[in-house]
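Written below as structure tokens is the structure these notes are about.
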Amino acid sequence: MPALTRRRSDDPHRESWRVYYDGDVHIGSIGQRAGVPKTVDQWGWNVAFYPVSHRGIRENGTAQDLLEARAAFAAAWARIEPLVTDDDLLQHRRERTWTAWKYRMFDCGCRMPTQTASGRSTCFCGAEIDVVGTERHVYAEHMGMR
Ligand SMILES: [Zn+2]
């Protein structure tokens, strides 16, 4: 089974970590809770990612410290991982690619084919795209972009 990796966020106000599965699938987070009294758990964690969270598969909780949060996260992931399919991972990566592509189109001032009267447009990469072929183009040429 692929390992989990943690990457620290660049939030200077509180320590938090994004947790990835299979290298690039962001499955959840562990971090210091904001705005809670000193008398309650200072850490929180969650395992929740598209598309499995849309099937109601997700968990979260609080912990006294990072070590306890990491252990609780690992226990939750041990319950959730067997429910995750290869198709879930593909859908997750496609959704991330599609979203990144849309933002790049917007940032580059490119219009979506759905925004033109002809239903045709030009991708930021220079390819001609149309309403019917846009998804095929994005997944064939830009899969993995962030
Ligand atoms: Zn393109």
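Overview of values
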{"quantity": "Residues within segment 108-120 that are within 13 Å of the ligand (Cβ to nearest atom) and touching a Ser or Thr at 6+ places or on another chain (Cβ under 7 Å), tallied", "calculated": "3"}
{"quantity": "Residues of segment 73-87 that turn out to be open to solvent by less than 70 Å² (accessible area, probe 1.4 Å) and either under 20 Å from Met145 (Cα atoms) or not polar (S, T, N, Q) (or both), as a count", "calculated": "9"}
{"quantity": "Only one of Arg93, Arg79 that is closer than 22 Å to Ile27 by Cα, assigned by TED's automatic domain parsing to the domain that holds Ile30, in contact with a strand residue (DSSP E or B) (Cβ under 8 Å, 6 or more places away or on another chain) and not hydrophobic (A, V, I, L, M, F, W, C)", "calculated": "Arg79"}
{"quantity": "Yes/no for Asn60 being touching a Gly at 6+ places or on another chain (Cβ under 6 Å), open to solvent by 30 Å² or more (accessible area, probe 1.4 Å) and either closer than 18 Å to Val19 by Cα or not in a strand (DSSP E or B) (or both)", "calculated": "no"}
{"quantity": "Some residue of segment 121-131 being β-branched (Val, Ile, Thr), open to solvent by 50 Å² or more (accessible area, probe 1.4 Å), near the ligand (Cβ under 10 Å from one of its atoms) and farther than 28 Å from Ala48 by Cβ", "calculated": "yes"}
{"quantity": "Residues being open to solvent by 50 Å² or more (accessible area, probe 1.4 Å) and within 10 Å of the ligand (Cβ to nearest atom) - total across segment 88-107", "calculated": "1"}
{"quantity": "Answer residue from segment 1-46, given it is touching a residue at least 60 places away in the same chain (Cβ under 8 Å) and of a type in the set (Asp, Glu) and is most open to solvent (accessible area, probe 1.4 Å) among those", "calculated": "Asp22"}
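The values are calculated or read from the model by the stated rules, or taken from the named source; none is laboratory data. Since the structure is predicted, the reported quantities are computational estimates derived from the model, not experimental observations. Ideal geometry is used to build each Cβ from the backbone, glycine not excepted, and the neighbour counts take in all protein chains shown. All accessible areas refer to the heavy atoms of the entire protein, side chains included, with ligands and DNA or RNA removed. Shrake-Rupley method; radii C 1.70, N 1.55, O 1.52, S 1.80 Å.
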